[in-house]
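Nothing in this text is a laboratory measurement; each read-out follows from the coordinates by a stated rule. None of these values were measured; they are calculated from a predicted model. As a convention, Cβ positions derive from the backbone with ideal geometry for all residues, glycine included, and neighbour counts pool all protein chains shown.
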Amino acid sequence: MGNLKLKLLEGESIIDRWDMKKGEATLYNRSDGTQGLCIACPQCGQVATGSHIWHPETQSLTPSLVCGADGCNYHGFLTNGVFTEVNKGMASEH
Ligand SMILES: [Zn+2]
């Protein structure tokens, strides 16, 4: 399975977008003047906002995405508009 690409939906309010599909997101304005993403988890599709900051010039999100949905445990990075999951097997490799 290849890495999922971000699909940024524009001109929609967050309230109307709880039916977003995996990897879709909408922008919202943060109180500090930066923008964040309301994003549907690329693994389970749960829509959530967070403390993440969207960097439009690099199509990246910081810090990394962690999904809080039961049984999902997705952890990954959004860089250059592509989701890359952190390798779960890394800790057990020698
Ligand atoms: Zn998830």
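Under 18 Å between alpha carbons: how many lysine pairs meet that in segment 4-93, if sequence neighbours fewer than 8 apart on the same chain are excluded?
Values: K5/K21; K5/K22; K7/K21; K7/K22.
Taking the Cα cut-off of 18 Å, the pair count is 4.
Cα gyration tensor of segment 13-85, axes a ≥ b ≥ c as square roots of the eigenvalues: rounded (a/c below 1.5), prolate (a/b > b/c) or oblate?
Details: a/c = 1.68, a/b = 1.20, b/c = 1.40.
Cα axes put segment 13-85 in the oblate bin.
Ordered by packing density, taken as the mean number of other Cβ atoms within 10 Å over each peptide's residues, highest first, how do 56-67, 76-87, 37-48 rank? Write down the numbers at each step before the final one.
Numbers: 56-67: 14.8, 76-87: 16.5, 37-48: 19.9.
Descending packing order for the listed peptides: 37-48, 76-87, 56-67.
Percent relative contact order of segment 4-93, based on C-alpha pairs within less than 8 angstrom and at least six residues apart? Could you put the intermediate results ahead of the total?
On the way: 172 pairs, mean separation 18.8, N = 90.
21 percent.
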